[in-house]
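Shown next, in structure tokens, is the structure this report addresses.
FYI, it's all coordinate maths here, none of it is from the lab. Predicted model only: the values in this text are computed from it and were never measured. Cβ atoms come from the backbone with ideal geometry, glycine included; neighbour counts cover every protein chain shown.
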Amino acid sequence: MTNTDLKEQLKKIIVEELNLEEIEPGEIKDDDPLFGDEGLGLDSLDAVELVVLIQKHFSVEIKDMEEGREALASIDSLADFINTRQAD
Amino acid sequence: MSIKKRTETTENWSSRSIGTGWQHRFFYFLIRLGGRHIAYPFLYPVVLYYLIFRPDQRRKSRYYLDRRFPNRRGFAALKDSYRMIMGLSQSLVDRALVGICGPRILHTEFPKGEQLFNLAATGKGLIILTTHVGCWQAAMIYLSKLERPVHMLMQQDEGDIDRHYFEHSGEKNPFHIIDPTGFLGGTLEMVAALKQGDVVCIMGDRLKGAQENSLAVDFLGSPVKFPLAGWKLAAVTGAPLAILFPLKTGPDHYSIDLAEVINVNPKDARPLQRLHPYLSRYVKSLENLCAKEPYQFFNFYDMWNQDEKI
């Protein structure tokens with residue numbers, strides 16, 4: 001899977017499995033913040049699901065705050081994190 | 001751009017003690033001097049002071065008591081406030097007592113303990129939903145027997161009343177504390193802990209943070225917003241959720257009530273409204289507890305009006 005494919009899949013998972021309304025996967029920019037008041041505006045309960053979804057789809061675990069803060073910043077960073085972990 | 005609509009956050013309660021540092025140190029001194037027998041009598045003047053000369057503090061007891069005893073007026077209402085404030089004060093002494101003298105200083109029964117130990121032993125993870133009831137430190141001796149790492153979601157403000165336990169013991173904290181003010185409210189650490197089969201303790205009765213992560217359920221006659229973190233974790237990780245109430249049953253006796261074990265169907269993780277039936281079961285348990293032990297539910301803020309600051 002190319003990096004572009006991975007990012008598209010991530011956007012699809014986020015929109016469809018987190019039931020985001022009023023947005024299509026294609027509307028999410030790669031560098032949009034996923035959490036907080038800007039960007040997608042996901043919250044801590046979304047994070048619970050997203051972490052489990054990442055594990056389910058990519059067999060990659062996000063175990064703590066430090067990892068999570070970096071990995072869950074944007075689609076770009078999440079794709080990088082998954083690529084790095086899968087390569088290990 | 002913010003795609004998800006966000007609602008305002010609420011910071012309508014604080015875990016800070018209303019007592020000053022020297023007041024706490026005085027009670028710690030009394031406990032070291034002669035334990036509960038010396039410390040308890042000194043609570044009478046302190047509680048009477050707050051009852052008579054601190055109407056702001058007395059009023060805080062009325063939010064809950066006016067719902068629990070809607071027809072009480074005058075002296076009867078004052079007596080209710082006294083019993084509730086005294087109950088909390090004794091609980092604070094008991095917490096410090098456990099910290100200073102160790103958990104065996106209290107005689108704690110856990111009639112359904114085996115059920116909880118078996119749940120933890122399955123390795124599927126276990127969520128213990130706690131409430132501001134009684135004295136959770138009384139349950140410490142049993143939590144240590146779970147034979148699984150225990151993580152507690154606990155905010156430790158400067159002056160936090162629960163922090164006092166750890167200040168005394170001088171021993172390594174047997175539990176891992178997860179800070180709810182950390183990144184994403186500590187959810188990543190909680191998910192990781194449950195996924196490796198650990199035990200996570202989380203408060204079920206106070207909303208801190210985004211109001212959108214809550215659902216309103218009727219409690220004592222009117223809707224109250226309760227946090228959903230525990231329920232969401234249970235749905236997503238498949239870990240069972242146990243509702244525990246550590247109740248004071250005598251001067252140095254506690255009994256841990258395992259009120260209910262709830263398994264949340266993963267299909268109910270979203271939308272959040274699907275968690276309502278599970279949350280309602282918890283609130284029903286809490287109402288039953290308030291009916292049975294009305295002075296052991298220690299919520300001194302208006303949980304029915306969650307926008308109010310204290």
Relative exposure of B:CYS101, B:CYS201, B:CYS135, judged by other C-beta atoms within 10 Å (fewest first): B:CYS101, B:CYS201, B:CYS135
Mean separation of Cα contacts under 8 Å, 6 or more apart, over the residue count of segment A:3-87: relative contact order %: 30
Mean residue ellipticity (222 nm) of chain A, computed from DSSP H runs ≥ 4 via -39,500 (n - 2.57), nearest 500: -18000 deg cm²/dmol
Furthest towards positive pole of dipole, B:VAL98, B:ILE31, B:VAL200, structure part the protein assembly as shown, Cβ charges: B:ILE31
Label-to-label distance, nm, for residues given as B:LYS79 and A:ASP5 (7 Å Cα→Cβ offset): 7.6
Cβ neighbours within 10 Å from other chains - mean over B:223-236: 2
Estimated 222 nm signal from helices in chain B, with DSSP H stretches of n ≥ 4 weighted -39500 (n - 2.57), rounded to 500: -13000 deg cm²/dmol
Modelled FRET efficiency - R0 56 Å, A:ASP88 with B:ARG281, Cβ distances, 0.05 increments: 0.85
Spin-label pair A:ASP37/B:SER144, simplified geometry with 7 Å Cα→Cβ offset, distance in nm: 4.6
Computed E for B:ARG72/B:LYS267 - FRET, C-beta separation, R0 41 angstrom, nearest 0.05: 0.40
Top of B:GLY113, B:GLY34, B:GLY197 by mean-square fluctuation, Gaussian network on chain B, Cα under 10 Å: B:GLY34
Three-way shape label, the protein assembly as shown, alpha-carbon gyration tensor, a/c 1.5: prolate
Sparse-neighbour loop sites [trypsin sites (Lys or Arg not before Pro); segment B:229-310; at most 14 other C-beta within 10 Å; DSSP]: B:LYS309
Among A:PRO33, A:VAL48, A:LEU20 the positive-end extreme of the charge dipole of chain A (Cβ point charges): A:VAL48
Label point distance in nm, A:GLU67-B:ALA291, each placed 7 Å from Cα along Cα→Cβ: 4.6
A:GLU67, A:GLU24 arranged by Cβ crowding within 10 Å, fewest neighbours leading: A:GLU24, A:GLU67
Shielding of A:63-69 by partner chains, average beta-carbon count, 10 Å: 6
Chain B - charge dipole about Cα centre, Lys and Arg +1 at Cβ, Asp and Glu -1, debye rounded to 20: 460
Residue of B:PHE300, B:PHE42, B:PHE175 that the Gaussian network model of chain B assigns the largest fluctuation, springs spanning Cα pairs under 10 Å: B:PHE42
Using a Förster distance of 45 Å, the FRET efficiency for B:GLU260-B:ILE52 (Cβ separation, nearest 0.05): 0.70
Fewest-first sequence of B:THR187, B:THR249 by Cβ atoms within 10 Å of each Cβ: B:THR249, B:THR187
Segments A:45-54, B:140-149 sorted - mean Cβ within 10 Å per residue, highest first: A:45-54, B:140-149
